[in-house]
Amino acid sequence: MANNHAESFSAIPGVELVAGIDTRPEQLTAFCDRHNIPHRFATLEAALAWGDFDAVTNVTPDAAHYSTTMPILAAGKHILCEKPLATSAVHAEEMAEAAARAGVVNMVNLSYRNVAALQKAHRMVAEGAIGTVRHFEASYLQSWLTQPAWGDWKTESQWLWRLSTAHGSKGVLGDVGIHILDFATFIAGQQATEISCLLKTFDKAPGNRIGDYVLDANDSATMQLRLANGALGTVAATRFATGHMNDLRLRIYGDTGGLEVTFESGVSGLRACLGEDIHSATWVDVPAEVMPSIYQRFIAAIRGEGQAEPDFARGAELQRLLDRAEQSAAEAGVALAV
């Protein structure tokens, strides 16, 4: 993801990558050489003491987001942080409050907000195209535990850490569950008020361990949500969806229409059944305009040319939902208020 951030920011006119931070000298040198970054720091403290930069993009593992972001906010720097914002709602809320006090641009990288169909569907629901939302079903399907298209998870640390709670992973729930929860509730235009959840960690290696990595993070999650207006929905996320590299889907139904939003094989799609078409159950494709990327929107917000969305407040809201989902799973799927 750090490479994605560096390449994306470098492509924006007027943006310069001036420094990299990593406690590992070999990785830091290789990364900075690759992206022509002149300054290199072994600690965040050293970089902040230097301070000759406007903004930071935080691409540390999940468990490090809080400890690395808080000093950046205290230094008054704009920040884009990878998702999830933190690994607990308490920390996420502290980060959101600190960002508000600092008065800086703060955004969390919920990258599927870039999907054209998602943004179009959000506007359609807000404008009343499907009437009152009553029901939805959403899924985020990955297959990287069943095939090596993204790399061999059994031997590569960039995948193994995502399977180990001791290495900062919150499992599929924290890694991609946050995306599909945002996907569903953003389009619906409502907060979730109640959630129940089941989580499963499957046996993947002898003793569920590979080297220093104990493979105890959840691999699949199923959730039920109640929205603020009483609508019900199901949300699923898994790394065992053989045949699906990285696919998201939402079907959302109101009392006067329905929408189907997809992002599959890197292609965004939107279909609708509206108006007279509901009588014949006829679905039609709906065009959606291309969205600026999160990186472009972050820079635009710094320049005063756009809104900083999704911000840390949204990240904290989603983290509260994730915490309740984990708590529900620990209590065998009991429904909890959010």
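The values are calculated or read from the model by the stated rules, or taken from the named source; none is laboratory data. Computed from a predicted model, the values in this text were never measured in an experiment. Cβ: placed from backbone, ideal geometry, glycine included. Neighbour counts: every protein chain shown.
Here are some notes:
- Scanning the range 199-210 for residues that are touching a helix residue (DSSP H, G or I) at 6+ places or on another chain (Cβ under 9 Å), closer than 23 Å to SER111 by Cα and in contact (Cβ under 8 Å) with a residue 12 or more places away in the chain turns up nothing.
- Enumerated helices (runs of 4 or more DSSP H) restricted to the range 89-170, each holding at least 1 residues that are in the same structural domain as GLY233 (by TED's automatic domain parsing) and within 19 Å of the chain's Cα centre (by Cα): 116-126, 157-160
Residues are listed down the side, and each one gets a yes or a no for (1) under 25 Å from the mean Cα position of the chain (by Cα); (2) surrounded by fewer than 19 Cβ atoms within 10 Å (Cβ to Cβ); (3) closer than 22 Å to ARG297 by Cα; (4) not polar (S, T, N, Q):
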position: SER10; (1), (2), (3), (4): yes, yes, yes, no
position: GLY20; (1), (2), (3), (4): yes, no, yes, yes
position: ALA46; (1), (2), (3), (4): no, yes, no, yes
position: ASP54; (1), (2), (3), (4): yes, yes, yes, yes
position: LEU73; (1), (2), (3), (4): yes, no, yes, yes
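- Residue match in the range 107-122 (condition: surrounded by 17 or more Cβ atoms within 10 Å (Cβ to Cβ), of a type in the set (D, E, K, R) and in contact (Cβ under 8 Å) with a residue 12 or more places away in the chain): yes
Condition check ((1) modelled with pLDDT of 95 or more; (2) within 27 Å of THR165 (Cβ to Cβ); (3) in contact with a strand residue (DSSP E or B) (Cβ under 8 Å, 6 or more places away or on another chain); (4) of a type in the set (Ser, Thr, Tyr)) across all residues:
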position: MET1; (1), (2), (3), (4): no, yes, yes, no
position: PHE31; (1), (2), (3), (4): yes, yes, yes, no
position: PHE41; (1), (2), (3), (4): yes, no, yes, no
position: THR69; (1), (2), (3), (4): yes, yes, yes, yes
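Conditions tested, residue by residue: (1) touching a helix residue (DSSP H, G or I) at 6+ places or on another chain (Cβ under 9 Å); (2) part of a strand (DSSP E or B); (3) of a type in the set (D, E, K, R); (4) closer than 30 Å to HIS122 by Cβ.
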residue	(1), (2), (3), (4)
LEU173	yes, no, no, yes
ILE178	yes, no, no, yes
GLU194	yes, yes, yes, yes
MET223	yes, yes, no, yes
ARG226	no, yes, yes, yes
VAL235	yes, yes, no, yes
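- Residues satisfying the stated conditions in the range 233-292, i.e. in contact (Cβ under 8 Å) with a residue 24 or more places away in the chain, over 23 Å from ALA221 (Cα atoms) and among the aliphatic types (A, V, I, L, M): LEU259, LEU270, ALA272, LEU274, VAL286, ALA288, VAL290, MET291
- Within the range 211-236, the residues that satisfy the criterion of being surrounded by fewer than 22 Cβ atoms within 10 Å (Cβ to Cβ) and more than 29 Å from TRP159 (Cα to Cα) are ARG226, LEU227, ALA228, ASN229, GLY230, ALA231, LEU232.
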